[in-house]
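K.L.:
Structure incoming, see below.
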Amino acid sequence: TLGGWVIGSAGGGGGYWGGASTSQPTAEEYCMYHGFGCEDFLPTCPSVLMSAPSGCDLNNPPPRTADGCGAGPTAGIVPDFLVVNGVGAAFGNIFTEACNAHDHCYGEFKSGKHRCDAQLEVDMITHARDRIPTAVWPVFEPHVRLQAAAFRIALEQPPIAWIAQSAYSAAQNEGKCRSVALAAAEYGCLP
């Protein structure tokens, strides 16, 4: 497989560029790996269909979902609200939108976990700035930045990193299913 797609067997050393073969990649392999140069051909339906992850129903791919901050093993532990000196600030769930965007990022095929985690920090600060009145923002900004950084760091350090990696992998599998389903529909590969 290459870039999430199973490559056809024309050229490329038995169809797996980067394997034991020393031959040059086919145009299809180059396109699937680099994401450009695809205008010269259409991927074959067999290569698209074989790229679907196990258990993927291409006619009914899983929808994108989001559940705010903290779900599964971290439900009730990770707050959607700003915590100041151990107490929830009176601005409501100001981080829910940022956490939902993080969930969607995890489910975007080939998104990159580190990029999604870094964007969560930025989004938390942005959404908080939008929800906290300008007059008191300077007072709460250091707390917002601290909590946003703590979320990002926690997602990349054990033990939370193990939970986050599992969530990311599951979301990537669903994202790949959605991506392959779109390609299969576009190329007329679905019954």
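The values are calculated or read from the model by the stated rules, or taken from the named source; none is laboratory data. All values reported here derive from a predicted model rather than from experimental measurement. In this analysis, Cβ positions are derived from the backbone assuming ideal geometry, glycine residues included, and neighbour counts consider all displayed protein chains. When the accessible area is computed, the model is the full protein with side chains, heavy atoms only, and any ligands, DNA or RNA have been set aside. Shrake-Rupley method; radii C 1.70, N 1.55, O 1.52, S 1.80 Å.
K.L.:
Of the residues that sit in the range 23-71 and are part of a loop (DSSP other than H, G, I, E, B), hydroxyl-bearing (Ser, Thr, Tyr) and modelled with pLDDT of 70 or more, which one is farthest from Glu174 (Cα to Cα)?
P.N.:
Looking at residues that are part of a loop (DSSP other than H, G, I, E, B), hydroxyl-bearing (Ser, Thr, Tyr) and modelled with pLDDT of 70 or more, I get Thr44.
K.L.:
I'm checking my understanding of the structure. Among residues of the range 90-112 that are open to solvent by 50 Å² or more (accessible area, probe 1.4 Å) and in a helix (DSSP H, G or I), which one is farthest from Phe151 (Cα to Cα)?
P.N.:
Taking the candidates together, the pick is His104.
K.L.:
Could you list, in sequence order, the residues of the range 149-163 that are surrounded by 13 or more Cβ atoms within 10 Å (Cβ to Cβ), free of Cβ contacts under 8 Å to residues at least 60 places away in the same chain and more than 14 Å from Phe95 (Cβ to Cβ)?
P.N.:
Ile153, Glu156, Ala161
K.L.:
Would you check if Leu146 is part of a helix (DSSP H, G or I) and exposed (fewer than 14 other Cβ atoms within 10 Å of the Cβ)?
P.N.:
Yes.
K.L.:
What do you reckon, is Gln157 more than 30 Å from Ser47 (Cα to Cα) and of a type in the set (S, T, N, Q)?
P.N.:
Judged against the criteria, Gln157 is a match.
K.L.:
Filtering the range 181-191 down to residues that are more than 14 Å from Gly107 (Cβ to Cβ) and open to solvent by 40 Å² or more (accessible area, probe 1.4 Å), which residue is modelled with the lowest pLDDT?
P.N.:
Across the range 181-191, the extreme among qualifying residues is Pro191.
K.L.:
So, one more: Taking Ser166 as the residue in question, decide whether it is open to solvent by 70 Å² or more (accessible area, probe 1.4 Å), closer than 22 Å to Gly55 by Cα and either without any contact (Cβ under 8 Å) to a residue 60 or more places away in the chain or under 11 Å from the mean Cα position of the chain (by Cα) (or both).
P.N.:
yes
K.L.:
Could I ask something else about it? Where the second residue is assigned to a strand (DSSP E or B) and open to solvent by less than 80 Å² (accessible area, probe 1.4 Å) and the first is over 13 Å from Cys69 (Cβ atoms) and lies in the range 80-93, which pairs have Cβ atoms under 8 Å and are six or more apart or on separate chains?
P.N.:
Ala89/Val83
K.L.:
Further question on the same structure: Taking the range 64-114 as the search range and keeping residues that are over 30 Å from Ala183 (Cα atoms) and of a type in the set (Ser, Thr, Tyr), which one is farthest from the chain's Cα centre (by Cα)?
P.N.:
Thr74
K.L.:
Could you list all residues from the range 72-89 that are at pLDDT 90 or above, open to solvent by 60 Å² or more (accessible area, probe 1.4 Å) and assigned to a loop (DSSP other than H, G, I, E, B)?
P.N.:
Passing the criteria: Phe81, Asn85, Gly86.
K.L.:
Continuing with the same structure: Arg178: without any contact (Cβ under 8 Å) to a residue 40 or more places away in the chain and surrounded by 13 or more Cβ atoms within 10 Å (Cβ to Cβ), yes or no?
P.N.:
Considered against the rule, which asks whether it is without any contact (Cβ under 8 Å) to a residue 40 or more places away in the chain and surrounded by 13 or more Cβ atoms within 10 Å (Cβ to Cβ), Arg178 comes out as no.
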